[in-house]
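Taking it in order: structure first as structure tokens, then the write-up.
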Amino acid sequence: MNMAAQNAIKWGIAPIGWRNDDIPEIGKNNNLQQILSDIVVAKFEGTEAGGFFPEPEVLNKELKLRNLRIAGKWFSSFIIRDDVEQTARDFAEHCAYLKAVNADVAVVSEQTYSVQGTDKNVFKEKPEFTDAEWTRLCEGLNALGEAADKYGLKLVYHHHMGTGVQTKAEVDRLMAGTDSKLVHLLYDTGHIYVSDGDYLSLLEAHIKRIAHVHFKDVRPEILEKCRAEGKSFLQSFLAGMFTVPGDGLIDFAEVYSFLMQSGYQGWIVIEAEQDPEIANPLEYALIARDYLDSYVLKA
């Protein structure tokens with residue numbers, strides 16, 4: 001085990017288990033103070049900023065009271081649909097916010113043609129990009145990466161179900177078409193497993209580009225039911241397709257061991273889109289913490 005890398009890991013848990021930006025009505029009673037305090041109870045060091053998080057001055061005070069940090073925040077890019085200049089202007093505002101809250105990464109996902117927020121079958125109706133669109137996307141991401149760098153941030157690209165960059169083959173193409181110094185990869189165990197049925201190949205292929213990690217588990221029986229019924233992305237996570245580490249089929253000790261052996265340094269963020277009315281957020285945060293302490297970190 002690479003001890004230097006192990007000591008450089010920062011552990012976080014995303015607010016999406018408490019409140020979901022895609023469906024604002026679920027978990028709306030979980031306010032910022034409650035979420036951050038639950039994160040402290042579960043012994044995590046930080047979180048990612050949700051769309052409902054307040055301005056930096058307010059957020060920084062709440063973080064300081066609890067000795068927590070912000071890892072990053074999601075940004076929906078529309079490089080293919082819109083002109084790069086407009087996307088860059090929106091992204092600059094995003095980066096200014098992240099710098100003000102002392103974040104490390106800007107999480108970017110191209111949402112042109114995305115079906116993740118629609119009622120389409122996420123397993124069969126994902127979008128595909130043309131060669132020209134791939135070129136436009138890669139050039140645009142390089143430009144955004146330069147902008148992020150000026151704010152002291154790393155752009156980390158989030159491969160995601162229901163988008164044009166979902167599969168390992170698509171991530172391969174994105175990595176090949178972008179500057180390794182400007183565009184990094186967010187490795188998400190749950191999304192790549194649901195997409196490809198395998199979570200290690202992507203990790204092993206692109207370990208040198210990975211600068212941010214999401215630990216998301218998958219319940220196989222619910223995944224297969226959702227796939228058979230042709231559910232949308234939102235319907236699938238509301239049905240419980242995703243869960244926290246230790247509650248599904250992914251061997252996170254194996255993933256963590258590879259990250260450590262490779263010298264990974266950065267955030268590992270627990271993320272599990274679930275309905276908080278069904279999966280109590282603090283309860284599941286504690287399930288993840290117990291699993292990490294009892295199994296992953298002792299491996």
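The values are calculated or read from the model by the stated rules, or taken from the named source; none is laboratory data. Worth saying up front: this structure is predicted, and the values here are computed from it rather than measured. Note: ideal-geometry Cβ built from the backbone for every residue, glycine included; neighbour counts use all protein chains shown.
Quick notes on this one:
- Hits in segment 105-121 - residues which are in a loop (DSSP other than H, G, I, E, B), surrounded by 18 or more Cβ atoms within 10 Å (Cβ to Cβ) and not hydroxyl-bearing (Ser, Thr, Tyr): Gln111, Val115, Gln116, Lys120, Asn121
- Residue ID - surrounded by the most Cβ atoms within 10 Å (Cβ to Cβ), chosen from residues in segment 59-90 that are part of a strand (DSSP E or B) and not β-branched (Val, Ile, Thr): Gly72
- Residue in segment 179-189 that is within 21 Å of Cys226 (Cβ to Cβ) and either more than 18 Å from the chain's Cα centre (by Cα) or acidic (Asp, Glu) (or both) present: yes
- Among helices (runs of 4 or more DSSP H) entirely within segment 200-293, having at least 1 residues that are of a type in the set (D, E, K, R) singles out 200-205, 220-229, 252-261, 281-291.
- Of all the criteria given as (1) crowded, with 18+ Cβ neighbours inside 10 Å; (2) within 20 Å of Asn142 (Cα to Cα), the one not satisfied by Glu93 is (1).
Condition check ((1) within 15 Å of the chain's Cα centre (by Cα); (2) over 19 Å from Met161 (Cα atoms); (3) of a type in the set (Gly, Ala, Ser)) across all residues:
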site: Val194; (1), (2), (3): yes, no, no
site: Met241; (1), (2), (3): no, no, no
site: Ser262; (1), (2), (3): no, yes, yes
site: Gly266; (1), (2), (3): yes, yes, yes
site: Glu273; (1), (2), (3): yes, no, no
site: Leu282; (1), (2), (3): no, yes, no
site: Lys298; (1), (2), (3): no, yes, no
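- Among the residues of segment 207-239, the ones that are modelled with pLDDT under 95 and at positive phi come to 0 in all.
- Residue within segment 157-167 that is surrounded by fewer than 19 Cβ atoms within 10 Å (Cβ to Cβ), over 19 Å from the mean Cα position of the chain (by Cα) and not basic (Lys, Arg) present: no
- Each residue in segment 195-213 was checked for being touching a residue at least 60 places away in the same chain (Cβ under 8 Å) and surrounded by fewer than 24 Cβ atoms within 10 Å (Cβ to Cβ), and 1 pass.
- Selection from segment 63-105 of residues that are touching an Asp or Glu at 6+ places or on another chain (Cβ under 9 Å) and among the aromatic types (Phe, Trp, Tyr): Trp74, Phe75, Phe78, Tyr97
- If the condition is being part of a loop (DSSP other than H, G, I, E, B) and without any contact (Cβ under 8 Å) to a residue 12 or more places away in the chain, then segment 44-58 contributes only Glu55.
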